[in-house]
Structures are given as C-alpha cells and as structure tokens.
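Read-outs throughout are calculated quantities, based only on the coordinates presented, and are distinct from any laboratory measurement. Not measured: the values here are computed from a predicted model. Note that we place each Cβ from the backbone using ideal geometry, even for glycine, and neighbour counts take in every protein chain shown.
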C-alpha cells in the first residue's frame, strides 16, 4: 500500500481548487491529476485525451501483470511500482539504429515488438520516433499506448497519428509531454485504487 505524504496530499488539494477535470471519467481524472501534479502545468486539463474505455483496458492489463515497455530509461525510472522493459540502451538497438538510420528509441521499440507479447502497455515520454515506429508496426496489439512524447519535431504529429490509429491511448495534443508526464500517466493507473 502506497503512503501519500502530507505535502503530496496538499498539492492535490490545491490542484483540485485550480482546475475543473469534470470532463474526464474517474480514470481520466486520476490521469489528468497526476500529470498536472507532475508538471505543474494546468494546460494539460484541456490538452489531454483520455478515453475512459482505453484507460480501463490499460488498468486491466496492468492487473494481469502485462509487460510495460518504455521508450527511454527516464520513463522507466519514473515507474517505480512496476518492472519495465526498455531497449534504448540495448546494443542490438544501437546496431539496428545504425543499420536502418533510425533513432535508438525507434530501434528499441522494433526490438521490443519482437520480444513482447500482445497486450503489453507501451509508454512514450521522450521520443516521437518511437511512437511513430510503434504505430507503423502492424503486428503489435497493445492493451494501451501512453503517448506523451515532448518536442518541436514530430511530437504533436505522432500524437495526432496515435489519436487517429484507433489504438487504446492516453495522449495529448501539442508539443508538451515528457518522461515525467508519461510516467505520471501510467502511475495514475498503477496507483488508481490506492489513491
């Protein structure tokens, strides 16, 4: 059972007084609160796209102990209550990256797709290229994609492609995102019944 520190509880109390999250369902509210808390950015209240059914599917996958795949180590580091798989530093990803002229994150997701079964949870917080790669892999059937890459090159576009893909997703519109935000979104589901 996770213990909530009084400072965290006070932070959530303040947050709830600053922003209206009633457009979200219960899981969506939990995700939005945790993302806003992690970033101190109230704009996520408007830019987050959280389909309640997709969040429920992700929660069910986590309860089944489905694998969690991350694009970078910083996302993995932020998910402390679950073991994750991250291939970005794998020597095979570096080799594949050089061979195909793609980023190590994209190569890592290509490797993960070979080794992770259907129904995994995929979390992208840094590399739009990893999200694009995931969306282009026809045989990958995720339980949930948390797609919150950050940046001015490809981040917004990769998230729009995710929204159009029909895959169960938690994402946002625009260039904002990041490792802490992506980890926070997944942690909201992991800790959902404890908060």
- Query: For residue 12 and residue 117 in the same chain, what is the full-extension length gain: residue separation times 0.36 nm, less their Cα-Cα distance, in nm?
  - Reply: 34.2 nm
- Query: If we restrict to alpha carbons, what Rg and Dmax does the range 25-116 come to, in Å?
  - Reply: 15.7, 45
- Using label points projected 7 Å from each Cα along Cα→Cβ, tell me how many nm separate residue 63 and residue 90, to one decimal. 3.0 nm
- Item | R0 of 25 Å, Cβ-Cβ distance residue 20-residue 52: FRET efficiency to nearest 0.05 | 0.90
- If you line up the long axis of helix 91-100 against the longest principal axis of the chain, both from Cα atoms, how many degrees apart are they, to the nearest 10? 70 degrees
- Taking R0 as 25 Å, what's the FRET efficiency between residue 164 and residue 41 from their Cβ-Cβ distance, rounded to 0.05? 0.50
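At a Förster radius of 41 Å, what calculated FRET efficiency corresponds to the Cβ-Cβ distance of residue 80 and residue 100, to the nearest 0.05?
My answer for the efficiency is 0.80.
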- the range 6-190, relative contact order [Cα under 8 Å, separation at least 6], %: 25 percent
